[in-house]
Ligand SMILES: *Cc1c(COP(=O)(O)O)cnc(C)c1O
């Protein structure tokens, strides 16, 4: 597995740290909990999309594109990181924002990530929930071409086999770090949404025969659908890097019990988790992804799903910019 074969632009501060969370571990009274700080990737408040964009935008540039077109929810962290990357690389950025969360507040529609998208000068277009975004992106691409530009379409979350390379790379980086630290990781846990993070990580963990099980905690789709989406992308990614067959269907595990009423809708357990990590460890988690994933991990620890002697490594995928969008909904 030689990732240097693939085009890549450098956008992230790497390696991101692996840190122990002693006060959270003590509070929960079970396994030791560690965090891989991908909230510290460095681009415009950081997050997991930056690793994927290193490969995806490099591919766009290789193909001669001058404009990136992408899609996300109004409070998309992916869109914010894409908009920042386009500024850094001198590319145009056309964004399709989906109104996916019902009854949004003023903060939701104007602050947090969408404020930063505007700061980066991305051209934002808004669409109702349930829009056919393949068709809508194709229309925007036609417009860009008609104006003499060369568009490149980045799927939601940069979750295709190219973006997933960023998380194959994260798995390799993490293994090197924990080997150096002498840390035996018994489980990895991550939020799973558009699937590129989960798929890339499982390919990296399996292709290296690390024997570290990975649990994805879902934030929108039901378990079967989420696992199938991750598995399909993992198969494609493994083929793309020349490691076909390294991931089996049963390696892909998602727990989708912590979504609550739906994508982007706060839950009590998310609220508790976000407060706990802030007040015990001085860390910021977000209401949509990392906070719900954390709520899942905390609940599973409390239920005794992990052994006391084990080490859990939680991938912090970032998203703190969205906290400001949820200022009215968090119970502090
Ligand atoms: C996008 C995102 C995720 C989910 O990653 P996917 O690759 O889309 O599954 C998790 N956490 C944060 C903060 C995100 O922005």
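Here, each number is a calculation from the coordinates, and none is a lab measurement. This one's a predicted model, so the numbers in the text were calculated from it and none came from an experiment. Using ideal geometry, Cβ is built from the backbone for each residue, glycine included, and neighbour counts are taken over all protein chains shown.
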* **Column: log10 I(q)/I(0), Debye, Cα scatterers of segment 190-300, q = 0.12, 0.19, 0.24 Å⁻¹** => -0.43, -0.89, -1.17
* Structure fact -> Per-residue ellipticity at 222 nm attributable to helices in the chain (runs of n ≥ 4 DSSP H, -39500 (n - 2.57) apiece, nearest 500 deg cm²/dmol) works out to -13000 deg cm²/dmol
* Likely footprinting exposure, 55, 133, 285, fewest C-beta neighbours within 10 Å first -> 133, 55, 285
* Structure fact -> Using alpha carbon positions and the Kirkwood radius, the Rg to Rh ratio of segment 1-127 is 1.06
* Asked: Sorting 314, 306 on the 10 Å Cβ count, fewest up front, what's the list?
  -> 306, 314
* Asked: Rounded to two decimals, what is Rg over Rh for segment 136-225 when you use alpha-carbon atoms and the Kirkwood radius?
  -> 1.15
* How big is the gap, in Å, between the Cα center of segment 173-211 and the Cα center of segment 228-282? -> 12
* Asked: Among 78, 13, which comes first, second and so on when ranked by fewest other beta-carbon atoms within 10 Å?
  -> 13, 78
* Can you give the alpha-carbon Rg of the chain over 2.2 N^0.38 Å, where N counts its residues? -> 0.94
* To do: Would you kindly calculate the mean projected area, averaged across all directions, of the convex hull enclosing the Cα atoms of segment 118-184, in square nanometres?
  => 7.9
* Relative counts (whole %) of C-alpha pair distances in segment 1-71, using bins that are 5 Å wide -> 4, 14, 17, 17, 15, 12, 7, 6, 5, 2, 1
* Relative packing of peptides 210-216, 189-195 - highest average C-beta neighbours within 10 Å first -> 189-195, 210-216
* Asked: Counting alpha carbon pairs within less than 8 Å and at least 6 residues apart, what relative contact order, in whole percent, applies to segment 5-78?
  -> 33
